[in-house]
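Undergrad: The following block contains the structure, expressed as structure tokens.
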């Protein structure tokens with residue numbers, strides 16, 4: 001008897017947690033051959049594993065090298081599934097500029113969100129880490145982006161997120177962009193406080209939020 005879909009997704013999740021790149025690719029191929037929805041396989045399989053790896057990292061059981069190997073296993077599966085993702089055939093992909101705010105160099109969460117957004121059919125411009133507030137605004141204008149996504153994992157750098165919104169207000173272009181924030185210490189309350197349009201606590205939620213912000 002073959003595996004159920006849930007069993008397969010659970011194995012995909014485990015492959016990511018256990019840093020098994022080849023197994024992740026093999027199981028992702030199985031998902032394609034079984035005709036399962038590719039985005040669902042990423043969302044409920046691979047990304048769940050990455051979330052679990054993130055929790056192990058927070059608990060001090062995993063460190064950066066392990067997390068990077070988990071990300072490699074995730075990427076191996078995503079590369080196989082990506083061509084099969086059904087995107088609404090949009091004439092124009094919505095653009096998102098994403099980056100980690102100035103003073104912060106933690107970018108694993110940001111990289112995962114970027115990966116998931118690209119898989120979901122967004123055109124993602126990655127500004128990297130330690131990005132000054134003014135650069136978020138400049139690039140968003142330059143790229144004609146719909147959404148500015150800012151990540152922070154340190155309480156000491158969170159004020160920079162508010163600075164992005166202040167600059168948009170000063171330039172009189174606040175209404176042209178949706179601003180979304182996320183990261184470990186960030187909360188919905190903080191998002192409301194600084195006037196952000198969206199907040200997400202994890203990569204899966206970020207996709208849902210991005211879709212809502214562009215009215216998909």
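The values are calculated or read from the model by the stated rules, or taken from the named source; none is laboratory data. Because the structure is a prediction, the values reported are computed rather than measured. All Cβ positions, even for glycine, are placed from backbone atoms using ideal geometry, and neighbour counts span all protein chains on display.
Undergrad: Would you confirm whether any residue within region 119-126 is assigned to a helix (DSSP H, G or I), at pLDDT below 95, closer than 24 Å to residue 184 by Cβ and within 18 Å of the chain's Cα centre (by Cα)? Let's see the steps before the verdict.
TA: First, the residues of region 119-126 that are assigned to a helix (DSSP H, G or I): 119.
Filter again for at pLDDT below 95, leaving 119.
From what's left, closer than 24 Å to residue 184 by Cβ: 119.
Still in the list and also within 18 Å of the chain's Cα centre (by Cα): 119.
Checked region 119-126: at least one residue is assigned to a helix (DSSP H, G or I), at pLDDT below 95, closer than 24 Å to residue 184 by Cβ and within 18 Å of the chain's Cα centre (by Cα).
Undergrad: Considering only residues that are exposed (fewer than 12 other Cβ atoms within 10 Å of the Cβ) and under 16 Å from the mean Cα position of the chain (by Cα), which ones fall in region 56-78? Don't jump to the end; show me each part of the working.
TA: Of region 56-78, the ones exposed (fewer than 12 other Cβ atoms within 10 Å of the Cβ) are 58-61, 63-65.
Listed by number, the list is empty, since nothing qualifies.
Quick grid of which residues meet (1) within 21 Å of the chain's Cα centre (by Cα); (2) outside the structural domain of residue 144 (by TED's automatic domain parsing); (3) surrounded by fewer than 14 Cβ atoms within 10 Å (Cβ to Cβ):
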residue: 160; (1), (2), (3): yes, no, no
residue: 163; (1), (2), (3): no, no, no
residue: 167; (1), (2), (3): no, no, no
residue: 172; (1), (2), (3): no, no, yes
residue: 177; (1), (2), (3): yes, no, no
residue: 182; (1), (2), (3): yes, no, no
residue: 186; (1), (2), (3): yes, no, no
residue: 196; (1), (2), (3): yes, no, no
residue: 199; (1), (2), (3): yes, no, no
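Undergrad: Within region 12-68, which residues are out of contact with any helix residue (DSSP H, G or I) (no Cβ under 9 Å at 6 or more places or on another chain) and on the phi > 0 side of the Ramachandran plot? Even if it seems obvious, please write down each step before you answer.
TA: Going through region 12-68, the residues out of contact with any helix residue (DSSP H, G or I) (no Cβ under 9 Å at 6 or more places or on another chain) turn out to be 33, 35, 55, 58-60, 65.
Listed by number, the residues that qualify are 35, 60.
Undergrad: What are the pairs, 6+ residues apart or on separate chains, where a residue within region 138-155 that is under 11 Å from residue 177 (Cα atoms) has its Cβ under 6 Å from a residue that is assigned to a loop (DSSP other than H, G, I, E, B)?
TA: Sorted first by the residue in region 138-155, then by its partner, the pairs are 140/177; 146/94; 146/214; 148/177.
Undergrad: Also: Restricting the search to region 137-156, which residues are under 17 Å from residue 199 (Cα atoms) and assigned to a helix (DSSP H, G or I)? Lay out the reasoning, then the answer.
TA: First, the residues of region 137-156 that are under 17 Å from residue 199 (Cα atoms): 146-155.
Listed by number, the list holds a single entry, 155.
Undergrad: Specify the residue that is modelled with the lowest pLDDT; the eligible residues are those in region 84-106 that are over 18 Å from residue 126 (Cα atoms) and touching a helix residue (DSSP H, G or I) at 6+ places or on another chain (Cβ under 8 Å).
TA: Just the residues of region 84-106 that are over 18 Å from residue 126 (Cα atoms), to begin with: 84-92.
Retained after the next criterion (residues that are touching a helix residue (DSSP H, G or I) at 6+ places or on another chain (Cβ under 8 Å)): 84-86.
Working: 84: 87, 85: 79, 86: 72.
Checking each candidate, the answer is 86.
Undergrad: Hey, another quick one. Does residue 113 satisfy the condition of being assigned to a helix (DSSP H, G or I), closer than 26 Å to residue 7 by Cα and in the same structural domain as residue 157 (by TED's automatic domain parsing)?
TA: Numbers: assigned to a helix (DSSP H, G or I): yes; closer than 26 Å to residue 7 by Cα: yes; in the same structural domain as residue 157 (by TED's automatic domain parsing): yes.
So residue 113 passes the test.
Undergrad: Are any of the residues in region 193-207 within 30 Å of residue 40 (Cβ to Cβ), in contact (Cβ under 8 Å) with a residue 60 or more places away in the chain, part of a helix (DSSP H, G or I) and in contact with a strand residue (DSSP E or B) (Cβ under 8 Å, 6 or more places away or on another chain)?
TA: yes
Undergrad: Next question, about the same structure. Taking the condition modelled with pLDDT of 95 or more and surrounded by fewer than 19 Cβ atoms within 10 Å (Cβ to Cβ), does residue 146 pass?
TA: Numbers: modelled with pLDDT of 95 or more: yes; surrounded by fewer than 19 Cβ atoms within 10 Å (Cβ to Cβ): no.
Taking the combined requirement at face value, the residue does not satisfy it.
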